[in-house]
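K.L.:
My questions all concern the structure below.
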Amino acid sequence: MGNLLKVLTREIENYPHFFLDFENAQPTDGEREVWNQINAVLQDSESLLADLQAYKGAGQEIRDAIQNPNDIQLQEKAWNSVCPLVLRLKQFYEFSLRLEKALQSLLESLTCPPYTPTQHLEREQALAKEFAEILHFTLRFDELKMRNPAIQNDFSYYRRTINRNRINNMHIDIENEVNNEMANRMSLFYAEATPMLKTLSSATTHFVSENKTLPIENTTDCLSTMASVCKVMLETPEYRSRFTSEKTLMFCMRVMVGVIILYDHVHPVGAFSKTSKIDMKGYIKVLKEQPPDTVEGLLNALRFTTKHLNDESTSKQIRAMLQ
């Protein structure tokens with residue numbers, strides 16, 4: 001019994017204790033097919049974020065049109081300003097669908113028998129890195145979206161105007177691009193405070209429900225292991241010293257928060273329960289040790305986009321740490 005306890009203690013202390021090379025991991029032959037598929041999606045992510053960052057909206061044109069309903073020129077100016085923006089919003093939405101498929105392919109690879117999630121992440125570092133890239137992109141996208149109310153204002157104006165034009169039997173070219181069904185789906189997407197995170201949470205939940213022969217622990221352990229690896233790398237000077245870029249620290253923190261939020265949405269009792277494999281106090285402590293201006297957005301993500309923070313089972317201490 002004593003020997004067993006020693007083994008278990010050693011496993012807990014060492015769980016999981018390896019360096020995940022977020023900067024340089026390259027795909028092995030076994031990873032290459034899935035890696036290529038995911039990489040084809042991810043290579044568009046930076047330009048898409050740049051587009052979102054540059055998104056200014058048509059607020060002034062819309063206000064002018066609403067205040068002067070009988071001025072045809074102002075109506076046309078607002079409409080002509082909003083239409084290209086709606087096409088850009090459609091591109092963002094369509095990217096979320098590609099990301100959803102990419103995540104499900106990754107989960108398939110990182111959770112399948114005979115390996116444990118820890119073994120998968122340690123052996124298939126290039127796929128683990130791509131999973132991390134998806135989470136990093138997702139949190140950055142949602143941070144930008146939350147700071148830009150013009151997105152929903154523009155889309156609301158577009159929907160009101162297109163409905164009015166439809167009533168007046170006007171021919172509208174943009175309907176070929178954004179028909180009623182597409183507009184409904186986009187509307188649900190942008191109504192979310194964090195639409196990309198919601199997409200990933202739904203994709204992960206769907207993956208679990210579709211793969212009934214795969215124990216849910218394979219998926220939740222993959223997420224908790226990834227969070228643990230990030231925490232260990234942030235806390236261990238030997239690992240931190242191997243990062244060649246300061247940006248990798250922020251990358252690591254974003255990924256850690258992203259997998260915690262996914263875990264909280266997918267695991268039946270969530271990330272805040274004492275029985276979960278997420279050391280919530282430890283993760284919050286790691287974040288709070290960083291410069292406040294760099295982590296406030298991540299702490300807000302834990303405050304506002306998790307599912308179980310306000311459950312009765314969540315300790316008062318954890319809630320106080322996130323206040």
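K.L.:
Can you pull the percent of region 1-322's accessible area that's carbon plus sulfur, 1.4 Å probe, other chains left in place? Intermediate results must be reported in sequence, preceding the final value.
P.N.:
Values: 8290 of 16530 Å².
Heavy-atom surface of region 1-322 belonging to carbon and sulfur, 1.4 Å probe: 50 percent.
K.L.:
Can you bin region 211-323 into rounded, prolate or oblate? Criterion: square roots of the alpha carbon gyration tensor eigenvalues sorted a ≥ b ≥ c, rounded for a/c under 1.5, prolate for a/b above b/c, oblate for the rest. Spell out each step's value before the answer.
P.N.:
Working: a/c = 2.08, a/b = 1.27, b/c = 1.64.
Cα axes put region 211-323 in the oblate bin.
K.L.:
Using a probe radius of 1.4 Å on heavy atoms only, what accessible surface per residue do you get for region 214-256? Whole Å² is fine. Mind showing how you got there, number by number?
P.N.:
Values: 1670 Å² over 43 residues.
Here the per-residue accessible area is 39 Å².
K.L.:
With a Förster radius of 41 Å, plug the Cβ-Cβ distance of Glu210 and Ala320 into 1/(1 + (r/R0)^6) and report the FRET value to the nearest 0.05. Spell out each step's value before the answer.
P.N.:
On the way: r = 38 Å, r/R0 = 0.94.
About 0.60, to the nearest 0.05.
K.L.:
Okay, next question. Mind ranking 260-269, 145-154 by how tightly packed they are, going by the mean number of other C-beta atoms within 10 angstrom, highest first?
P.N.:
Numbers: 260-269: 22.2, 145-154: 16.7.
Peptide ranking by packing, descending: 260-269, 145-154.
K.L.:
How much length, in nm to one decimal, is gained on full extension between Val269 and Asp311, taken as 0.36 nm per residue of separation minus their Cα-Cα distance?
P.N.:
Numbers: separation 42, 0.36 × 42 = 15.12 nm, distance 0.94 nm.
Length gained between Val269 and Asp311: 14.2 nm.
K.L.:
Multiplying the sequence separation of Arg242 and Ala54 by 0.36 nm and subtracting their Cα-Cα distance, what value in nm do you get? Don't jump to the answer; show the numbers that get you there.
P.N.:
Working: separation 188, 0.36 × 188 = 67.68 nm, distance 3.37 nm.
Taking 0.36 nm per residue and subtracting the Cα distance, the gain is 64.3 nm.
K.L.:
Tell me the label-point distance for the pair Arg303, Gln26, using the 7 Å Cα-to-Cβ offset, in nm and rounded to one decimal.
P.N.:
4.4
K.L.:
Rounded to whole Hz and in sequence order, give me ³J(HN,Hα) for region 92-102 from the Karplus expression 6.51 cos²θ - 1.76 cosθ + 1.60, θ = phi - 60°, writing x for Gly and Pro.
P.N.:
Computed from phi, the couplings for region 92-102 are 4, 4, 5, 5, 4, 5, 5, 5, 4, 5, 4 Hz.
K.L.:
Let me ask you something else. Cα to Cα, under 30 Å, and not fewer than 8 places away if on the same chain: which lysines meet these conditions relative to Lys212?
P.N.:
Cross-link targets: Lys101, Lys129, Lys198, Lys274, Lys277, Lys307.
K.L.:
Hey, in the GNM for the chain with a 10 angstrom Cα cutoff, which one of Asp142, Asp29, Asp21 fluctuates hardest?
P.N.:
Highest fluctuation of the listed residues: Asp29.
K.L.:
Another question about this same structure. Spelling out what I want: for every residue of region 289-300, take phi, set θ = phi - 60°, compute 6.51 cos²θ - 1.76 cosθ + 1.60 (Karplus), and round to whole Hz; glycine and proline get x.
P.N.:
7, 8, x, x, 5, 8, 10, 4, x, 6, 5, 5
K.L.:
Work out the FRET efficiency for Asn70 and Gln152 from their Cβ-Cβ distance, taking R0 = 45 Å, and round it to the nearest 0.05. Intermediate results must be reported in sequence, preceding the final value.
P.N.:
Values: r = 26 Å, r/R0 = 0.59.
The calculated FRET efficiency here is 0.95.
The values are calculated or read from the model by the stated rules, or taken from the named source; none is laboratory data. These figures come from a predicted structure and were not determined experimentally. Note that we place each Cβ from the backbone using ideal geometry, even for glycine, and neighbour counts take in every protein chain shown. Calculation scope for accessible area: heavy atoms of the full protein, side chains included, ligands and nucleic acids excluded. Shrake-Rupley method; radii C 1.70, N 1.55, O 1.52, S 1.80 Å.
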